[in-house]
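Participant: Once you've had a glance at the structure underneath, I'll fire off some questions.
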Amino acid sequence: MKYLVWAGGIVAALVATLYVVAFTPLGNGIVKPIVEAKIKEQTKLDSKLETFLLGISDFEIVLALNEKNVIKAKGRYSLFSKSFDVAYNVSLKSLESLEPLTSAPLKGAFHTDGGIKGDLAFIEIEGKSDVGESDTSYRVELSDLNPILIIAKMKNAKLASLLYLGAQNPYATADIDLDINFRNINPHVMDGEIVLKSKNGTINPKFMKSDFNVTIPATSFSMNLDAKLEGDYAIYNYDFVSNLFKISTTGEVSPEPFKADLKYSLDIKELEVLKPITGADVRGALRLSGEAKGDKDNLLVSGKSDIASSDTTFEALLKNFAPSSIRAKIVNLDIAKVLFMIKQPHYADGLFSMNADISDARSGSLSGKITTAITKGELNSAYLTKTYEFKSPMSSTSFNSATTTVLKGDMAESAIKFNSNLANLDVKSAKYSIGNASFKSDYKASIPDLNKLFFVTDHHMRGAIVANGEISKAKDLDFTMHSNIADGKIDVKLHNDDFHADLSSIKSMKLLNILIYPELLDATINAKIDYNLSLSKGAIEAQVANALFAKNQTFDLIKQYLKFDMYRENFNGGISADIDKENILASVDLRSKEASIVTKSTKLNTLTNQLDTDITLSAKKNVVSGTLKGDVNSPKITIDLEKFMKSEAGRKIEEKVDKELNRLFKKLF
């Protein structure tokens, strides 16, 4: 019996202690700093419990999250029945100061007050708020802490104020009324209505320009949503109407399990206004309409549009909201209008058409075929001439193209034909790996009339050229080109920035004829060129074989004054050059049995056209040496007269040496 008395005493003492700590002013004073410290830890704010009164059946709490944001709660409760009746008042006058708690940028003020009563099985919440400068009332009922009824009425909410609450600039203003009446929001037995209306809506051009660089005219709008919840479905009708665009959709949607049967239409006079929503920097008009019908496993979305004056239709099957198959057809899309829409210059005119039949659109399992064509293509020659500063006007250029692309796995393989009156391109197989973004393609390019490229080369040419090769890009960029020209061959390789070219058996007379230069030299030329594009450095090594000079004033002068016929000489030798950006250091060494033409350390700057070289011309035992300095087109010539005058020819023409030797060197150069 003694032990029972002791045990009862201990229990009584514990209960008394608990009561004192939990439900008396003395105990509240002990608990308050502990609770306050925990609140500070959770809110990451300098929060303060200004009032903390907890009794056996009532309480009162005033929590200052910080100086301008206060939450008040006061009411009664029963520990035994787990019921309560509480009044609350939330006054947040500086939402921006709550960012450590909200983890989101907020601005402005928010106030709500009301009451909460019930027990853990059933709770009723009623209150009112001034959110967005509105007159808002709400009622929420919860069963086992799950909402079963939501009723809210918002009158005359200001859109600009709501945007400000979300730390957004007032891109638009409007008065908004919202009426929500969800009598039951449980799946399969939904029952309720939503009515949303806006009036006096305007878009603010100032902030559209400053924040999105979008210039729009004065724009007014209205918005209406009328939806009913019935069983599994939400049956709705939505319209957004403005003087720049209209968006409408109507139908029914089941959220769980997802099902939809709806129609939509967009009539947008200016796409640029939607940039804040879509993020797309496009402009112009768009009309689109269509349907979406099905469930999560099979949702068929179809539509049609006249985008860029085209006749466009599409149909996409979605499985789990991811594209499974796609069929699309575009007929006669205006290229100039597309360029305008994506804010690109008017490079070209033409009509683009496409037919896509993708039976499997899943990533990594692609299967299908896409054909495209461009007809009536015409480059904007005037614009291109001005933009790229061609020295002569670009000729009128028409073009057309056809492409067929087969999709298989993660690979897209295309065949391309491009034809124009300037150049033609034929690609039999261009393979692109979507998985690793690698690319490999063959090509054959032909230019039927080189003279039509005068606007680019600023030099008249004759004849045609055909080249073929491959281009690939994975980790490295590789490009090859092969062409037969001037009875010889050119083979080019590019690996990233390293360029290499082999010229084999090029006939100089043929090459000079193509370039429309005087046909002064008949020779066979072999050369190697190595050049690094990023460093702008390289070297050229060329061999000249069996060179015979055609009739020219230089050799005529040599024959006249030196009594030596250079035309009979067969020259062989080499030409070398080192390239360092705009600076070229070159040497020429051409020799026959009894003559030679030699230059060493010839310096040429391709930017300034400045030349500095020594040149030596020998014919039998007669040697003429000199230097050329200055502008390439009219260099200053200095002749070593002393050495020349010692020769037999020099003594014979002593009285004419200055005049004739200058003529000789200028013609030679």
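Read the figures in this text as sums done on the coordinates, not as results from a lab. Values in this document were obtained by computation on a predicted structure and should not be read as measured data. Ideal geometry is used to build each Cβ from the backbone, glycine not excepted, and the neighbour counts take in all protein chains shown.
Participant: Would you mind calculating the gained length between Asn424 and Thr404 on full extension (0.36 nm times residue separation, minus the Cα-Cα distance), in nm to one decimal?
Facilitator: 5.5 nm
Participant: Helix-only mean residue ellipticity at 222 nm, the chain, DSSP H runs n ≥ 4 weighted -39,500 (n - 2.57), per residue, nearest 500. What is it?
Facilitator: Taken over the chain, the calculation gives -5000 deg cm²/dmol.
Participant: Evaluate the distance, in nm, between pseudo-label points positioned 7 Å from the Cα of Asp442 and of Leu196 along their respective Cα→Cβ axes.
Facilitator: If labels sit at Asp442 and Leu196, their model points lie 5.8 nm apart.
Participant: Give the aspartates and glutamates whose C-alpha is closer than 12 Å to that of Lys197, dropping any in the same chain fewer than 8 places away, or say none.
Facilitator: Asp175, Asp177, Asp179, Asp226, Asp239
Participant: Determine the gain in length on full extension of the stretch Ser137-Asn484; use 0.36 nm per residue of separation and subtract their C-alpha separation, reporting nm with one decimal.
Facilitator: So the chain would gain 116.4 nm between Ser137 and Asn484.
Participant: Using the Kirkwood radius over C-alpha pairs as Rh, can you work out the diffusion coefficient of the chain via Stokes-Einstein at 4 °C, viscosity 1.567 mPa s, in µm² per second?
Facilitator: 37 µm²/s
Participant: Quick one: helix 25-43 against the long Cα principal axis of the chain, what's the angle to the nearest 10°, folded into 0 to 90?
Facilitator: 20 degrees
Participant: Please sort 195-202, 347-354 by packing, taking for each peptide the average over its residues of neighbouring beta carbons within 10 angstrom, highest first.
Facilitator: 347-354, 195-202
Participant: Give me, ordered by chain and number, the residues 5 or more places off Ser310 or on other chains with an amide H under 5 Å from its own placed amide H.
Facilitator: Under 5 Å from the amide H of Ser310: Asp334.
Participant: Let's test the formula: R0 of 22 Å, r as the Cβ-Cβ distance of Ser472 and Asp360. What FRET efficiency results, to the nearest 0.05?
Facilitator: The formula returns an efficiency of 0.25 here.
Participant: Go through the stretch 566-573 residue by residue and turn each phi into a ³J(HN,Hα) via Karplus (6.51, -1.76, 1.60, θ = phi - 60°); whole Hz please, and just put x for glycine and proline.
Facilitator: Ordered by residue, 3J(HN,Hα) equals 5, 5, 8, 7, 9, 8, 9, x Hz.
Participant: A further question on this structure: Which of Tyr517, Tyr171 has the fewest other C-beta atoms within 10 Å, and how do the rest follow up to the most?
Facilitator: Tyr517, Tyr171
Participant: Any idea what the relative contact order of the stretch 295-421 is, in percent, if you count C-alpha pairs under 8 Å spaced at least 6 apart?
Facilitator: Once divided by the residue count of the stretch 295-421, the mean separation gives 17 percent.
Participant: Let me ask you something else. So how tilted is helix 553-562 from the main axis of the chain? Cα-based, degrees 0 to 90, rounded to 10.
Facilitator: Approximately 30 degrees, to the nearest ten.
Participant: Can I ask one more? From the phi angles alone, apply the Karplus equation (6.51, -1.76, 1.60; θ = phi - 60°) to the stretch 347-357 and give each ³J(HN,Hα) in whole Hz, x where the residue is Gly or Pro.
Facilitator: 5, 7, 10, x, 10, 10, 10, 8, 9, 10, 10
Participant: Can you tell me the orientation of helix 2-23 relative to the chain, as the angle in degrees between its alpha-carbon axis and the longest Cα principal axis, to the nearest 10?
Facilitator: 60 degrees
Participant: Let me ask something additional. Show me, for the stretch 600-610, the HN-Hα J-couplings you get by feeding each phi into the Karplus relation (A = 6.51, B = -1.76, C = 1.60, θ = phi - 60°), rounded to Hz, glycine and proline as x.
Facilitator: These are the phi-based 3J(HN,Hα) values: 10, 6, 6, 9, 9, 9, 6, 7, 8, 6, 8 Hz.
Participant: Lys581 versus Phe258, label points 7 Å from Cα toward the beta carbon: distance in nm?
Facilitator: 5.9 nm
Participant: Further, regarding this structure: Mind scanning Lys263/Lys319; Lys473/Lys537; Lys199/Lys246 and naming the pairs with a C-alpha gap bigger than 21 Å?
Facilitator: Violating the 21 Å Cα-Cα cut-off are Lys473/Lys537.
Participant: What's the ranking of 99-105, 588-594 by average number of surrounding C-beta atoms within 10 Å, highest first?
Facilitator: By packing density, highest mean first, the sequence is 588-594, 99-105.
Participant: A further question follows. Would you pull out the residues with amide H under 5 Å of Thr397's amide H, same chain only if 5 or more places away, H placed 1.01 Å from N?
Facilitator: Those qualifying (amide H under 5 Å, at least 5 residues apart or on another chain) are Leu379, Ser381.
Participant: List the aspartates and glutamates whose Cα lies under 19 Å from the Cα of Lys304, skipping any in the same chain that are fewer than 8 positions away.
Facilitator: Asp261, Asp267, Glu270, Glu291, Glu315, Asp334, Asp357
Participant: Structure shown: which of Lys431/Lys493; Lys452/Lys475; Lys48/Lys82; Lys343/Lys581 lie over 31 Å apart, alpha-carbon to alpha-carbon?
Facilitator: Lys452/Lys475; Lys343/Lys581
Participant: Okay, next question. Go through Lys32/Lys107; Lys153/Lys206; Lys408/Lys440; Lys510/Lys551 and tell me which ones have a Cα-Cα distance over 26 Å in this structure.
Facilitator: Violating the 26 Å limit, Cα to Cα: Lys32/Lys107; Lys153/Lys206.
Participant: While we're on this one: Asp297 to Glu96: extension gain in nm, 0.36 nm per residue of separation minus the Cα-Cα distance?
Facilitator: Between Asp297 and Glu96, full extension yields an extra 68.0 nm.
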